[in-house]
Structures are given as structure tokens and as C-alpha cells.
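**Student:** This structure is in C-alpha cells; I'll ask about it shortly.
The values are calculated or read from the model by the stated rules, or taken from the named source; none is laboratory data. Quick caveat, the model's predicted, so the values are computed rather than measured. When we count neighbours, we look across all protein chains shown, and the Cβ atoms used for this are built from the backbone with ideal geometry, even at glycine. What goes into the accessible areas is simple: the full protein's heavy atoms, side chains included, and nothing from ligands, DNA or RNA. Shrake-Rupley method; radii C 1.70, N 1.55, O 1.52, S 1.80 Å.
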Amino acid sequence: MKPLNTMFLVFFLLLVSLANAKVQEHEFLVQETPVKRLCNTHMSITVNGQFPGPTLEVNNGDTLVVKVVNKARYNVTIHWHGVRQIRTGWADGPEFVTQCPIRPGESYTYRFTIQGQEGTLWWHAHSSWLRATVYGALIIYPKEGDDYPFTKPKRETPILLGEWWDANPIDVVRQATQTGAAPNISDAYTMNGQPGDLYKCSSQGTTIVPIDSGETNLIRVINAALNQPLFFTIANHKLTVVGADASYVKPFTTNVLMLGPGQTTDVLINSDQPPSQYYIAARAYQSAQNAPFDNTTTTAILEYKSSPCPAKGGVNIKPIMPSLPNYNDTNTVTSFSKSFRSLRKVEVPYEVDEDLFFTIGLGLNKCPSNFNSNQCQGPNGTRFTSSMNNVSFVLPNKFSILQAHKLGVQGIFTTDFPAKPPVKFDYTGNVSRSLWQPIQGTKVTKLRFGSRIQIVLQDTSIVTPENHPIHLHGYDFYIVAEGFGNFDPKKDASKFNLVDPPMRNTVAVPVNGWAVIRFVADNPGVWIMHCHLDVHIGWGLATVFLVEDGEGLLESIEAPPEDLPLC
Ligand SMILES: *[C@@H]1O[C@H](CO)[C@@H](O)[C@H](O)[C@H]1NC(C)=O
Ligand SMILES: *[C@@H]1O[C@H](CO)[C@@H](O)[C@H](O)[C@H]1NC(C)=O
Ligand SMILES: *[C@@H]1O[C@H](CO)[C@@H](O)[C@H](O)[C@H]1NC(C)=O
Ligand SMILES: *[C@@H]1O[C@H](CO)[C@@H](O)[C@H](O)[C@H]1NC(C)=O
Ligand SMILES: *[C@@H]1O[C@H](CO)[C@@H](O)[C@H](O)[C@H]1NC(C)=O
Ligand SMILES: *[C@@H]1O[C@H](CO)[C@@H](O)[C@H](O)[C@H]1NC(C)=O
Ligand SMILES: *[C@@H]1O[C@H](CO)[C@@H](O)[C@H](O)[C@H]1NC(C)=O
Ligand SMILES: [Cu+2]
């Protein structure tokens, strides 16, 4: 076809697809709101006074216009987790990466279109630890007239898993930044903002999920916890996984899910049990060694409509409690994550243009000479740090990286992020102390528009091995393989699934292991890739891809919005 004809065709298809796409406008007031949990009231930062925040419901193809007004006393930004933001990187949200923060008293309007994604995503603050309370679900239905590729559910319920501190989360992270130690662990996990029956002063508010006999219902599980991968289960009910991170998967049945922070999983449940009340429960999957963690259990109640009412008639029927895997049950995590296959036809690159190998893990910094011992309360008088390929990522503060890139401002970042670890070592072995302290920098990787990328994400055992949920902005990627130990290209490349690998935006990299992801760099802009444990982002477990504009029509990032916050 001649280029002109192609253009007409593109234009025509655009018109057809725009015909029933809608534009939804919302206002998000970020404000302090009293929230009482675990017997105490905190002035939490919320959106529109709601905790969790409002659920956004759209159809694939719709455009969202969200005016965020900051009435709180902290800088804030909002990230639309998993939304591809094709050509609209200015609306992605991570502070100092794609925009400067919205300062107190200011506002910014995020505009973006959902393109080709269906299922469950979410939104959250991407500034300091504000996302502890500033988050909500983003549900994407198929285009109007389209159906789910599975039994139409009678009811749909989102369940947001969260993490609650009986303190101001901003104080918790500030204290850790000052001391160099690990931040205080949380006091509770929550489901839709409620800890549930197993915590003090909580059973009044326990989330109830309604169901009736003979139904098939959809539960959209989102791990919005700050720092903890979580197991999730429902007593006596099988879970049929049909989607994850807004991509459909070939259905498979399991008793338990594991979600790293940032991940979502859509499951169908059949109400095939005697009418009663069943606990829905979640608790920690803890892969780090010798690290304190919140070992409490959050619950909601799956309640059959016709179940005997516990409050009436003096009969005290307790909901049925499921058993959960041990906190350290990595085998369950492995068999779960290996069950994922894409449902729809995949376009995984067979060949790659950039073959990248990134180590991910923790580190310890020696106490700087101008610091006192109160500022070095990490193990043996150190400060915790974290890095990819031995670079601990530092956010700029005068320009966002995207602004600096588009305006050609020098001195904000460098483009020398290493494609391979600068030193080769036994990543998952007993690592010499001389390798534990990374360098700091704002180093990015430049990618040509349209190039095919492979990244091996390799956990290290420095300080402790750990399952890190690695999240890439602006893209979905295929997880073509994962395994334990050190990735070996000779042995492991033959195991790649290039036929039906799952497509996700966050990969839970196995503890003391590796995962290999592939994607095509077809979305120009500046995209952060980071561990979704917020404690690790703060320590520097992040890096940035700068994807250049292409040459064709619709291959360059749009112009910045006029109200884009400046530093
Ligand atoms: C962290 O925990 C310690 C020990 O329980 C406590 O003294 C401190 O106040 C906590 N910090 C914050 C910010 O809540
Ligand atoms: C949770 O941790 C606390 C404090 O370390 C400990 O006392 C308690 O036994 C643990 N509970 C469970 C259920 O593991
Ligand atoms: C997991 O924890 C259990 C109970 O604390 C312990 O007995 C077991 O050795 C641990 N397993 C691994 C693989 O660390
Ligand atoms: C701290 O020092 C002790 C004693 O030298 C050592 O056994 C331990 O491994 C050190 N811990 C860390 C995390 O460096
Ligand atoms: C790790 O290596 C150090 C230094 O070579 C050695 O002292 C230590 O015993 C080793 N630890 C283990 C668990 O092998
Ligand atoms: C990281 O870089 C520092 C500074 O050059 C060096 O001391 C350390 O050994 C390096 N570690 C690794 C894992 O490359
Ligand atoms: C808030 O953002 C501005 C830049 O817009 C920055 O200079 C300032 O340091 C930020 N404040 C905090 C507390 O991070
Ligand atoms: Cu991490």
C-alpha cells in the first residue's frame, strides 16, 4: 500500500474506534482526612476524603481526564499503574521522572487514553510514601459491545490489599532516611482499607463480599501494599485465574495467589459451597532473611446471601478460616507464577536488538565521615542502600528527566547506565564484602524507537536475597522465563517461552533467582523501572529508559501539557 493510503486507513480506523469511545472527567482532591484504624485516628492523605480512593471504571479505548488538586501539605503526583501512556508520558506521574511534583495548593490535569488494555489496573501516588493511603482501583472493561473471554460474572468485586501504619507513613520513611536503618514495619494489612476481624477495634468495618448460591463472580485482587508481597486465598473456594496486570491469561485453577506490590490478579469463583460465611485472607510472603516483617493476617468475609446471620438469634457462627502458606513458602510462589500463559496471540520479539543484564539487590554503605552514629543505624553502623548494576538511582530535583530530555537541559542525567554488571561475580553466592557498596547516579539507558529489548533481571544475595517485584512504566512486557541461581545464557535460553508467555507490567523476580523479560520499545518517552517495594525505591532500586522518538506519524511523544508542574 502507498503511504498515503496507509494514512487514510489509519485515519479511518481511528474514526471507527473513536465512534463509541468516551471521555471521562474526574477531580481528585488530595487532602487530609481523619481515618480511624486499630483504635486510633490519623490524619491520612486521601483522594476526595475516601480511603481507599475512588474506583475508576472505563472501557478499553476511553480517555481519562483527571484534575488533581493538591490540598495536602506534601508534594504529590499520581501514577496510573500499568496504563501504557502511549505518547502521553507527561501523564505517567513518577515525581522527577516525568514531571515535577504538584506542590501544595497547585493542580495538574492528567490526560490519557486506554489503548488495548482490559482487566484490572490501579492508580497511586508516586511521591515519597504517600501511596500508603493514596490509591484506588482502575477497572477497564472490554470495548462496549465486546465480551469477556470467559463466563460473564454475576458480580464483580475489587479487593485492594493495603498496608497500614499506626503512625504517619511519611514520618516512618523520614525516620528511616535519617537513621539509615530499615523503616518500621506496618501494623496491619488491609482489604479495601479495612484490616478485618483479626485486629483490635476492626471487626465493625470488615469488608463483606456478597455472593449467592450458583453464581460465578469475578474478584479483582490488587496488591497495593507498600513493601510486602502477599499470599491471598478464600476458604473452601477454588480460584480460577483469568487475568493479571490487565492482560488475559489461559484460565488455571489454584487455592492461593501470590501478588507482589504492583501486581493485579483477576479470579473467578463459583459459589458452590454451603451458604455460610467464608474468610478471604491475605498475609505476607517473606523471602528476605533475618529481616523483620509484619506477620499479621488481614481478612474480609465472603458472605452467601442466604447464609445464617451470625448476629441474630444468639448463634455465634464464625466465618470459616482458610489455611495460608508458610511465610517463606517459595515453592508455592514458584508453581503459581509458572502457571501463567497469555490467552491472546502474543507478539513477543523472537530476536533482540538490546540484550541487557541487570543485577537487582540491596547493599550497605559505609558511614560517611560527615555523618554521626545516629545517621548510621543500619547493620554494624552502615546505611542501607540498593542498586541495579551497582548504580543506586538518585532522582534529580531541578527538572524531571523527561523535561530535561525534551528541553535539552544538560547536567540532570547521564546516558551511561551499564548494559551488564560492571563486575561479574557469583550473584547468588557468598558475595565478597568489597562488592556491597554501589555508586550513586542518575544514569539512564537510551533505546532506539522500535528496538527489541531483552532484560535479564538477576537477584543478588548481597545483604539478603529477596523476591523483588520489578515494575516497568510505559510498557507491558513478556516474561519469557524465570529460574533460580545465576542466569546462564547457554543453558537457560533454550527454556524461553516465546509461544504464550504472560504479559505483565510487574514481574516478581524469584528470590535468589532471575527473570527474563522482552518488549518492543515502541513508546517514546522516559520510563522508570523500579522495585515496587517502596522501601527499596528509596534506597535506589530503580533505573530509567529513555526511548527516543521514531520518525513516522504517531511515533513521537506529544507536546507537554501547559499546566505541567515545574520544579
Ligand atoms: C518506629 O518504631 C520505634 C520502635 O517501636 C518507635 O519508637 C518510633 O516512634 C517509630 N517511628 C515512627 C515514625 O512511627
Ligand atoms: C509474629 O511476630 C511476632 C514478633 O516477632 C511474634 O512474637 C509472633 O509469634 C509472630 N506471629 C506469628 C503468627 O508468626
Ligand atoms: C520456613 O519456615 C519454617 C517455619 O519457620 C522453617 O521450619 C523452614 O525451615 C523454613 N524454610 C525455608 C526454606 O527457609
Ligand atoms: C555485623 O558484624 C557481625 C560481627 O562482625 C557479623 O557477624 C555480621 O555478619 C555483620 N552483619 C552484617 C549485616 O554485616
Ligand atoms: C562467606 O565468605 C566469607 C569471606 O570469604 C567467609 O568468611 C564466610 O565464612 C563465608 N560464609 C559462608 C556462609 O560461606
Ligand atoms: C560497585 O562499585 C563500587 C565503587 O566502584 C565498588 O567498590 C564495588 O565493588 C562495586 N560492586 C559491584 C557489585 O560491582
Ligand atoms: C517539593 O517539590 C519541589 C520541586 O517542585 C522541591 O524543590 C521540594 O524539595 C519538594 N519538597 C519535598 C519535601 O520533597
Ligand atoms: Cu525490591
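**Student:** Given a 1.4 angstrom probe, what's the average accessible area per residue across the range 354-555, in square angstrom?
**Tutor:** So the range 354-555 comes to 39 Å² accessible per residue, rounded to a whole number.
**Student:** Find the accessible area per residue for the range 92-159; the probe is 1.4 Å, ligands and nucleic acids are left out, and the unit is Å².
**Tutor:** Per-residue accessible area for the range 92-159 comes out at 34 Å².
**Student:** Where the centroid of each part is defined by its Cα atoms, how far is the range 98-174 from the range 508-548 in Å?
**Tutor:** Centre-to-centre (Cα) distance: 19 Å.
**Student:** Using alpha carbons only, how many angstrom separate the centre of the range 368-423 from the centre of the range 265-295?
**Tutor:** Between the Cα centres of the range 368-423 and the range 265-295 lies a distance of 36 Å.
**Student:** What's the center-to-center distance, using Cα atoms, between the range 193-253 and the range 56-84 in Å?
**Tutor:** 24
**Student:** Same structure, new question: Percent of accessible area on the range 3-141 owned by carbon and sulfur, 1.4 Å probe?
**Tutor:** Exposed carbon and sulfur together represent 56 percent of the surface.
**Student:** Once you list every other residue whose beta carbon is under 13 Å from the beta carbon of V256, what net charge do they have if Lys and Arg are +1 and Asp and Glu are -1?
**Tutor:** Spelling it out: positives minus negatives among the neighbours equals +1.
**Student:** By how many nm would the segment from K200 to N328 lengthen if fully extended, with 0.36 nm per residue of separation less the alpha-carbon distance?
**Tutor:** 43.5 nm
**Student:** Can you give the extra length, in nm with one decimal, that the chain gains between N48 and T253 once fully stretched, where that is 0.36 nm per residue apart less the Cα-Cα distance?
**Tutor:** 70.1 nm
**Student:** Could I ask something else about it? For the range 156-337, compute the number of Lys pairs whose alpha carbons are separated by less than 30 Å, excluding pairs fewer than 8 positions apart on the same chain.
**Tutor:** The number of close lysine pairs in the range 156-337 is 9.
**Student:** While we're here: What spacing in nm lies between the two simple spin-label points modelled at R155 and C567, each 7 Å away from Cα in the Cβ direction?
**Tutor:** 4.9
**Student:** Just order 166-175, 368-377 by mean Cβ neighbour count inside 10 Å, highest at the front, would you?
**Tutor:** Those peptides, ordered most packed to least, come out 166-175, 368-377.
**Student:** For K345, which aspartates and glutamates qualify as cross-link partners when the Cα separation must be under 16 Å and same-chain residues fewer than eight apart are set aside?
**Tutor:** Filter leaves E118, D476, D500.
**Student:** Could you look at the range 354-555 and say what percent of its accessible area is carbon and sulfur, using a 1.4 Å probe and all protein chains?
**Tutor:** Reported share for carbon and sulfur atoms: 51 percent.
**Student:** For a Förster distance of 22 Å, can you work out the FRET efficiency between the beta-carbons of S556 and R111, rounded to the nearest 0.05?
**Tutor:** 0.85
**Student:** Ignoring ligands, DNA and RNA, what percent of the 1.4 Å accessible area of the range 156-337 is carbon and sulfur?
**Tutor:** 48
**Student:** Using Cα pairs closer than 8 Å and at least 6 residues apart in sequence, work out the relative contact order for the chain, in percent.
**Tutor:** Result for the chain is 14 percent.
**Student:** If the chain between T414 and D353 were fully stretched, how many nm would it gain, using 0.36 nm times the residue separation less the Cα-Cα distance?
**Tutor:** Net length gain for the segment: 19.8 nm.
**Student:** Hey, another quick one. What are the lysines whose alpha-carbon lies under 27 Å from the alpha-carbon of K398, with same-chain residues fewer than 8 places away excluded?
**Tutor:** Partners found: K67, K71, K406, K443, K446.
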